[in-house]
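Chemist: Handing you this structure, nothing more for now.
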Amino acid sequence: MEGISHLKHTPLHALHLSLGARMVPFAGYEMPVQYLEGVLKEHLHTRAAAGLFDVSHMGQIIIRPKSGRIEDAALALEKLVPVDVLGLAEGRQRYGLFTNAEGGILDDLMITNRRDHLFLVVNAACKDADFEHLKNGLGGTCEVTMLDDRALIALQGPRAEPVLCELWADVAGMRFMDVAEADLHDVACIISRSGYTGEDGFEISIPVGSAADVTQRLLEHPDVMPVGLGARDSLRLEAGLCLYGNDIDTGTTPVEAALEWAIQKSRRAGGERAGGFPGADRILAEFTDGTSRRRVGLRPDGRAPVRGGAKLFVDAEGKAPAGAVTSGGFGPSVDGPIAMGYVDAAHTENGTKLFAEVRGKYLPVTVSALPFVKQTYKR
Amino acid sequence: MLKFTEEHEWLKIEGDVATVGITEHAAGQLGDLVFVELPETGASFSKGDSAATVESVKAASDVYCPLDGEIIEINQAIVDDPALVNSDPQGAAWFFKLKLADPSAANALLDEAAYKELVA
């Protein structure tokens, strides 16, 4: 097991300990995996009321165009992501991917147009590499800054809006993927209506010095419960969302990962700014030619969870390989095991029966539509 | 006689039969259990073999056979309701009854005081 002494702490570390969190190593940080209530209750509370997550380990990066024109930063970033950044309106956020020359995925991220700069949120394990990639890839056109003076929390679930409205009423006017600046308890925060649980909710970037105080005050609300990485993982899996390093990595392309929706028309073949990002030849060809394998949802027929790494077969004897599970576990809201993974193109249709190898047995699973729970975003 | 293993199983030994479960400490560490897989009655195991599997929301863990023996009874109640292992691990949520090949081998296991010291 990874030692705990050299691990980094988020600005909320002391707060986690005071709440009785069980801490584990994650992406170089010591992070709460669960609090006293446990993964199951934290998960269900997020779906029923509001869960509060510390996601300060993630990287917050600013790209500021030297020209002062946001269009220049957008066009520079479009050289690294297959995403329509130029068309991203002020105060709007969009999911994106860094790709490599082979069409693989280097990281997934959120991109926000903040009028005079772009604001990025990237995965903790990738953030140093992403920062170097940006500095090298944007040339001399932009200043790239890693923000180490801000915490990031997520407030997710159906009660997130009413809770936040008590501090800032205008939050009710925000749509999914809107980003605004507002004072919460007199602290200037950047609030986006987004998250990674499948629920309506918000991510809030807070200056480090005030992060524990603002978070503590949110936790005092009776609808809000602290939620750790354990439930964050089961929530995102139910929502059919990829975890970088599990479901997507440098060996998977956006089309294999069923992430075509993250590549807008303007960047696809025939679009006004088609291609021009790493791996474009392969990725754009896959839109027309398809891929030999694809990410799908999987529902084990029984009660036994099927975990990431389990091999999938066409037959119940484990003779004809069909793919592999990349994430799997128990979905508390669906009250049963759920998984996702990659299967050969011939087996991607919903309803296809496959078999997963678990402890030497071949358990029947059914290819199923994602997400496993209905998303409740306020579009 | 109550005995314990370093792998966090408890054994209640009556004659040559041991009722086996996982300790309160283990149940707490595992978190909310959602699935239990028990051995079949009649199966024989050696000490240290994986005899059962428990799964939490997050991960699967083995439950080891604490001594050599044969499974003579399993507790279907924890298969039907895995949460019972969290709520009553050292009572109603026993896993299986083991007919011991050599009851005297239990003497080498930890007693309650030694186990409490181990997990303190």
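The values are calculated or read from the model by the stated rules, or taken from the named source; none is laboratory data. If you're wondering where the values come from, they're calculated on a predicted model, not measured in any experiment. Positions of Cβ are generated from backbone atoms using ideal geometry, with glycine treated the same way; all protein chains shown enter the neighbour counts. The area values use the complete protein model at the heavy-atom level, side chains included, leaving out ligands, DNA and RNA. Shrake-Rupley method; radii C 1.70, N 1.55, O 1.52, S 1.80 Å.
Table: residues versus (1) open to solvent by 10 Å² or more (accessible area, probe 1.4 Å); (2) not in a strand (DSSP E or B).
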{"residue": "A:Arg47", "(1), (2)": "yes, yes"}
{"residue": "A:Asp72", "(1), (2)": "yes, yes"}
{"residue": "A:Val83", "(1), (2)": "no, yes"}
{"residue": "A:Glu90", "(1), (2)": "yes, yes"}
{"residue": "A:Leu109", "(1), (2)": "no, no"}
{"residue": "A:Arg115", "(1), (2)": "yes, yes"}
{"residue": "A:Leu120", "(1), (2)": "no, no"}
{"residue": "A:Ala125", "(1), (2)": "yes, yes"}
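Chemist: Here is a follow-up. Would you mind stating whether A:Leu36 is closer than 27 Å to A:Pro11 by Cα and at pLDDT below 95?
Modeler: Yes; evaluated as a whole, the condition is true for this residue.
Chemist: Also, quick follow-up: Tell me which of these A:Leu363 doesn't satisfy, since it passes every other one: (1) more than 14 Å from chain B (Cβ to nearest Cβ); (2) open to solvent by 30 Å² or more (accessible area, probe 1.4 Å); (3) part of a strand (DSSP E or B).
Modeler: Only one criterion is unmet by A:Leu363, namely (1).
Chemist: While we're looking at this one, here's another question. Which of the residues belonging to the range A:1-45 are more than 13 Å from chain B (Cβ to nearest Cβ), of a type in the set (Val, Ile, Thr) and open to solvent by 20 Å² or more (accessible area, probe 1.4 Å)?
Modeler: A:Ile4
Chemist: Can you find, within the range A:296-322, the residue that is farthest from the other protein chains (Cβ to nearest Cβ) among those that are touching a residue at least 60 places away in the same chain (Cβ under 8 Å) and in a strand (DSSP E or B)?
Modeler: Across the range A:296-322, the extreme among qualifying residues is A:Val296.
Chemist: Moving on. For A:Ala339, are the conditions met, namely being out of contact with any Phe, Trp or Tyr (no Cβ under 7 Å at 6 or more places or on another chain) and surrounded by 19 or more Cβ atoms within 10 Å (Cβ to Cβ)?
Modeler: Judged against the criteria, A:Ala339 is a match.
Chemist: Does at least one position in the range A:255-275 carry a residue that is open to solvent by 40 Å² or more (accessible area, probe 1.4 Å), β-branched (Val, Ile, Thr) and away from chain B (no Cβ under 14 Å)?
Modeler: Checked against the condition, which is being open to solvent by 40 Å² or more (accessible area, probe 1.4 Å), β-branched (Val, Ile, Thr) and away from chain B (no Cβ under 14 Å), the range A:255-275 yields no hits at all.
Chemist: Another question about this same structure. Right, B:Ala93: surrounded by fewer than 19 Cβ atoms within 10 Å (Cβ to Cβ) and hydrophobic (A, V, I, L, M, F, W, C) or not?
Modeler: no
Chemist: When you look at B:Lys58, is it touching a helix residue (DSSP H, G or I) at 6+ places or on another chain (Cβ under 9 Å), in a loop (DSSP other than H, G, I, E, B), buried (at least 19 other Cβ atoms within 10 Å of the Cβ) and among the basic types (Lys, Arg), yes or no?
Modeler: yes
Chemist: Further question on the same structure: Just to be sure before I move on: is A:Val325 within 14 Å of chain B (Cβ to nearest Cβ), outside any helix (DSSP H, G or I) and closer than 30 Å to B:Val36 by Cα in the structure I sent?
Modeler: Judged against the criteria, A:Val325 is a match.
Chemist: In addition: Just one of (1) more than 21 Å from A:Val214 (Cβ to Cβ); (2) open to solvent by 20 Å² or more (accessible area, probe 1.4 Å) trips up A:Ala172, so point out which.
Modeler: (1)
Chemist: Taking the range B:16-35 only, how many residues are facing another protein chain (nearest Cβ under 9 Å) and farther than 24 Å from B:Lys116 by Cα?
Modeler: Qualifying residue count for the region: 2.
Chemist: Which condition number does A:Tyr196 fail, the rest of (1) out of contact with any helix residue (DSSP H, G or I) (no Cβ under 7 Å at 6 or more places or on another chain); (2) away from chain B (no Cβ under 14 Å); (3) in a loop (DSSP other than H, G, I, E, B) being met?
Modeler: Unmet condition: (1).
Chemist: With the structure loaded, tell me whether A:Glu161 is under 19 Å from A:Lys378 (Cα atoms) and buried (at least 23 other Cβ atoms within 10 Å of the Cβ) or whether it fails that test.
Modeler: Spelling it out, it is not the case that A:Glu161 is under 19 Å from A:Lys378 (Cα atoms) and buried (at least 23 other Cβ atoms within 10 Å of the Cβ).
Chemist: So in the range A:342-360, with the set limited to residues that are over 19 Å from A:Leu259 (Cβ atoms) and among the hydrophobic types (A, V, I, L, M, F, W, C), which one is most open to solvent (accessible area, probe 1.4 Å)?
Modeler: A:Ala346
Chemist: Condition test on A:Gly96, is it touching a residue at least 60 places away in the same chain (Cβ under 8 Å) and open to solvent by less than 10 Å² (accessible area, probe 1.4 Å)?
Modeler: Yes, satisfied.
Chemist: Which condition number in (1) touching a residue at least 12 places away in the same chain (Cβ under 8 Å); (2) surrounded by 15 or more Cβ atoms within 10 Å (Cβ to Cβ); (3) outside any loop (DSSP other than H, G, I, E, B) is the one that B:Leu84 fails?
Modeler: The one condition B:Leu84 does not meet is (1).
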